[in-house]
Amino acid sequence: MNAILETFRHIAVGISLIAIASAVLLFSEPTKKKGTRSVALINYTSVPVLEDGQVGMLAGLAEGGFVNGKNIEITEFNAQGDRPTAILIAKEVVGQDFDAILTLSTPVLQAVANANLDTKKTHIFTLSTDPWGAGIGIDRDAPDKHPPYMTGYGTLQPVDAVFKLAREANPKLRRVGVAWNPAESNSEASTIMARAICKQLDIELLEVNVESSSAVLEATKSLVARNVDAIWAGGDSTVSSAMTVLVDTANQASIPVFTNLPVDVEQGVLFSLGADYSEVGRAAGLLATRILKGESPAEIPVENYAPQQLAINLAVAPNFSPTWTIPEDWTKRAATTVDAQGIHHQDTGTK
């Protein structure tokens with residue numbers, strides 16, 4: 001009975017999100033003023049990393065000369081982590097009179113790419129770990145080979161590097177757990193990289209699959225019960241939306257979490273090495289300005305852009321085994337440091 005109720009709850013939530021999205025789309029048909037461009041900006045879910053990327057994208061557009069409400073009208077959409085809603089938004093947006101569609105995250109990239117096969121609206125994407133593996137006609141070995149109306153940045157995470165940092169922080173590290181959603185191609189790409197580096201470092205990677213954010217709690221408990229030394233998260237959108245649950249559950253068992261999303265340290269993660277997503281978004285915004293000013297997306301290669309940023313949490317470090325230490329040089333390199341006094345940022349020159 002509980003399983004039936006849970007299934008019904010998910011269906012009901014999905015229907016509600018689709019209804020809301022339909023209402024938003026109904027009243028979001030762009031109305032252009034003379035000399036004004038119109039853009040649809042579609043985000044997948046409200047998590048810090050994607051929100052940082054969206055802020056960065058808007059900043060990049062402004063830096064490139066497009067100020068919302070002045071010479072550009074930006075209509076924002078958010079699928080709230082629901083794939084059917086993302087697909088609905090994509091189908092409606094490609095049918096409207098937008099000069100360009102900007103997308104953040106792999107699920108939205110895929111939704112728009114599939115909906116846009118016939119309409120061929122200008123599409124600029126960002127914050128996608130592995131767009132080359134998303135099945136949208138992009139060639140990993142030939143950056144210039146992509147649909148002529150689409151371009152953007154891939155952001156392959158430094159998975160190898162973060163595992164090497166984990167071994168540096170704990171030379172006795174032997175077992176690492178991960179929860180990930182196989183439906184996310186970006187997550188699959190990160191997990192494949194994790195398997196390879198773990199084999200090289202003689203680390204056992206214990207995997208648990210999740211299909212929704214509500215499954216993250218049980219997945220984390222399962223990993224804790226299997227006596228992992230740490231838990232890693234590589235940027236899976238499903239897991240990111242339940243990061244607080246994952247971190248709290250692991251930390252209660254004195255198991256540290258490390259990730260590839262620097263903002264996660266503000267939620268209790270011990271350390272993270274990943275892209276500066278605000279800067280990635282800004283770069284995509286600047287890319288969009290080039291296209292809005294007349295440059296053809298067909299002439300712009302799809303490249304990887306992942307300016308690395310280290311973040312550490314000194315406040316939670318004492319909660320774990322003495323085998324875990326934060327090397328002194330990390331504090332000099334870290335763009336974000338959390339300690340007993342609060343959150344501190346320093347410019348590490350990622351731009």
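The values are calculated or read from the model by the stated rules, or taken from the named source; none is laboratory data. Keep in mind the model is a prediction, meaning the values are calculated, not measured. Cβ placement follows ideal geometry from the backbone for every residue including glycine, while neighbour counts extend to all protein chains displayed.
Under the condition of being at pLDDT 95 or above and touching a Phe, Trp or Tyr at 6+ places or on another chain (Cβ under 9 Å), the residues counted in segment 242-261 number 8. The strands (runs of 3 or more DSSP E) located wholly in segment 261-351 that include 2 or more residues which are buried (at least 18 other Cβ atoms within 10 Å of the Cβ) and touching a strand residue (DSSP E or B) at 6+ places or on another chain (Cβ under 9 Å) occupy 271-275, 308-313, 336-339. Answer with yes or no whether Asp82 is more than 28 Å from Thr238 (Cβ to Cβ) and acidic (Asp, Glu). So Asp82 does not fit the description; no.
I need the full set of residues from segment 203-222 which are of a type in the set (D, E, K, R), touching a residue at least 24 places away in the same chain (Cβ under 8 Å) and closer than 30 Å to Gln80 by Cβ, in order please. Step through it out loud before you land on a result.
Let us first name the residues in segment 203-222 that are of a type in the set (D, E, K, R), namely 204, 207, 211, 218, 221.
Filter again for touching a residue at least 24 places away in the same chain (Cβ under 8 Å), leaving 204, 207, 211, 221.
Listed by number, the residues that qualify are Glu207, Glu211, Lys221.
From the list Ala283, Ala298, Ala275, which one is touching a helix residue (DSSP H, G or I) at 6+ places or on another chain (Cβ under 7 Å) and in contact (Cβ under 8 Å) with a residue 24 or more places away in the chain? Exactly one residue qualifies, and that residue is Ala283.
Is it true that Gly53 is crowded, with 22+ Cβ neighbours inside 10 Å, in the same structural domain as Thr119 (by TED's automatic domain parsing), outside any strand (DSSP E or B) and modelled with pLDDT of 65 or more?
The answer is yes for Gly53.
Would you mind stating whether Ile136 is closer than 12 Å to Ile300 by Cβ, β-branched (Val, Ile, Thr) and out of contact with any Asp or Glu (no Cβ under 6 Å at 6 or more places or on another chain)? No, not satisfied. Counting the residues of segment 177-202 that are of a type in the set (Val, Ile, Thr), touching a helix residue (DSSP H, G or I) at 6+ places or on another chain (Cβ under 7 Å) and touching a residue at least 40 places away in the same chain (Cβ under 8 Å) gives 1.
What residue, among those in segment 69-104 that are acidic (Asp, Glu) and in contact with a Leu (Cβ under 8 Å, 6 or more places away or on another chain), is farthest from Ala288 (Cα to Cα)?
Asp82
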